[in-house]
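The next block holds one structure in the form of structure tokens; read it before the comments.
What follows draws every value from the coordinates through simple rules; no lab data is involved. Please read these numbers as outputs of a predicted model, since none were measured by experiment. Ideal geometry is used to build each Cβ from the backbone, glycine not excepted, and the neighbour counts take in all protein chains shown.
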Amino acid sequence: MSTSRWILGLIVIATVAPSVNAQQVTRDSAGVRIVENARPAWSVAQAWRLAAQPSIDIGSGEDSLYELATVMGAARLSDGRIAVANMGTGNIRMYDARGRFVRAIGRRGQGPGEFRQVMGLVRRPGDTLAVIDSREEVEFYSADGKFARGARASSHWNGLVMSGFEFLDDGSFVRTSWPQGTNHPDGRWVDSLAVVVISPNDTAGRIVGRHPAMEFTKTPALPFAQAVTFSPFGFVVGDRTGYYVAYADRYEVRRHRPDGSLERIIRAAWTPQPVRDADRDRYRDFIINLGAEGGGAVDPRLLAQRRKMMEEVSFARSLPAYQSMLVDSERHLWVSDATLEWFLGQGFSRVLSTPTTWRVFDPSGRWLGIVTMPARFRPMDIGRDYVLGLWRDADDVEHVRLYGLARTAR
């Protein structure tokens, strides 16, 4: 699963009065650094840009070794090789620096070196590959594809939805579990997620914080609680030595240390995008008719159920402040703007048909500027001079593409 608003700039010491025309202002409050960004630091000439065309495209051609299905992650190794988590074949595919197939890592199964369902892929220091499996497990492989070890989340988290593995340099990883509240009466509430840190010596893990996750509603006419449509959602994203927590009801992101203590608050200017009646109608039509296009008519009973559900659905007043977050190899935080189209997509490997805009923040929390990603492309791994990710062609065929990234700012 891929938070606040604010102002002002030029990094200053907290005791110095900020300039009203500044781009960024940094101050301290009870030991927590607060960075407020009114506008980006880059000039037009300094902006980072992606190449117009990809330098590598994996997924074209008729060879089955290049056919991709439900790509769950992609990572570039230090020697230029590209690893792709391909859920459709239940393994990791390795390609050389020119995009030619080298080998497959792992297979479907329940034992070491096997996956029940590949859910993600992360490159670790030394080109170790961490593969996330649906068994609540992560498996580690060497750069040459050999199985090294596995780690499993403690069984005492059963009953909660565990999501993601955010890896830290000390060998620990961060997970989240939710929902925390399961017996709310009829009404509307924001459920929370628990942040769980699991270390090599403490596989049971420990909760280091609880944070807003998603807004829900329940009415007498509904048999169960529903998420509020277009409502904000929570993020937890690791950056090697800590993790970011965000809730997209405002443009605010908080960085925490591994012990859960708050280190920094990053805020940026943001204008909420109101949800219009036309947006609500478009969403209702999308859900009611889901699966009909290209697949025949929807069963009348299912259609009636969907219409009934859409009569009770609740909507947020505005779109979230953002919809995805990534940390690149140099610990810059990338945050994408929210769009209505994202909520009208389905599946793990969805992309948007239009270009997407991403705000880039440096490790200190300073808003550098905006980078535009191509249409039908979703970034998965960002390095100093490249962006690697999933792209879908006009026929909805999946590709993994590598674009050059020119960083002109210093």
Problem - Loop-resident sites, region 237-301, for GluC sites (Glu not before Pro), counting at most 10 other Cβ within 10 Å (DSSP) - result: Glu293
Completion exercise
So, with points 7 Å from each Cα along the Cβ direction, the Asp170-Asp393 label distance in nm works out to 4.8 nm
Fill in the blank from the handout: Counting only residues 5 or more apart in sequence or on a different chain, those whose built amide H sits under 5 Å from that of Ser349 are none
Handout entry: Long-range HN-HN contacts of Met119 with modeled amide H, under 5 Å
Key = Ile132, Asp133, Ser134
Practice task
Place the peptides 82-94, 104-116, 323-335 in order of packing, highest mean first, counting for every residue the other Cβ atoms within 10 Å and averaging per peptide.
Solution key: 82-94, 323-335, 104-116
Handout entry: Exposure proxy ranking, count of Cβ atoms within 10 Å, fewest first, for Phe233, Phe361
Key = Phe233, Phe361
Handout entry: Relative packing of peptides 302-309, 223-230, 165-172 - highest average C-beta neighbours within 10 Å first
Key = 165-172, 223-230, 302-309
Completion exercise
Descending packing, highest mean Cβ count within 10 Å first, for 61-73, 390-402 is 390-402, 61-73
Completion exercise
Summing -39500 (n - 2.57) over every DSSP H run of at least 4 residues in the chain and dividing by its residue count gives a helix-only mean residue ellipticity at 222 nm, to the nearest 500 deg cm²/dmol, of -2000 deg cm²/dmol
Practice task
Please report, in cubic angstrom per residue, the volume enclosed by the convex hull of the alpha-carbon atoms of the chain.
Solution key: 166 Å³
Fill in the blank from the handout: Computed ³J(HN,Hα) along region 313-327: with the Karplus parameters 6.51/-1.76/1.60, θ = phi - 60°, integer Hz and x for glycine or proline, the list is 5, 10, 10, 6, 6, 8, 5, x, 5, 6, 10, 8, 9, 9, 10
Handout entry: Where labels lie 7 Å past Cα in the beta-carbon direction, separation of Phe147 and Ala104 in nm
Key = 1.6 nm
Handout entry: Rounded to whole Å, sorted largest first: equivalent-ellipsoid semi-axes of region 276-410, Cα gyration tensor
Key = 35, 19, 10
Problem - Backbone HN-Hα couplings from phi across region 238-253 [Karplus 6.51/-1.76/1.60, Hz, Gly and Pro as x] - result: x, 10, 5, 10, x, 8, 9, 10, 8, 10, 7, 7, 7, 8, 8, 10
Exercise for the section: For Thr203 and Leu77, calculate 0.36 nm times their separation in residues minus their Cα-Cα distance, and state this gained length in nm to one decimal. Expected result: 42.6 nm
Completion exercise
Scalar couplings 3J(HN,Hα) for region 255-262 by Karplus 6.51 cos²θ - 1.76 cosθ + 1.60 (θ = phi - 60°), nearest whole Hz, x for Gly and Pro, are 9, 10, 7, x, 7, x, 6, 7
Problem - Antiparallel bridges, percent of DSSP beta bridges restricted to the chain (to nearest 5) - result: 90 percent
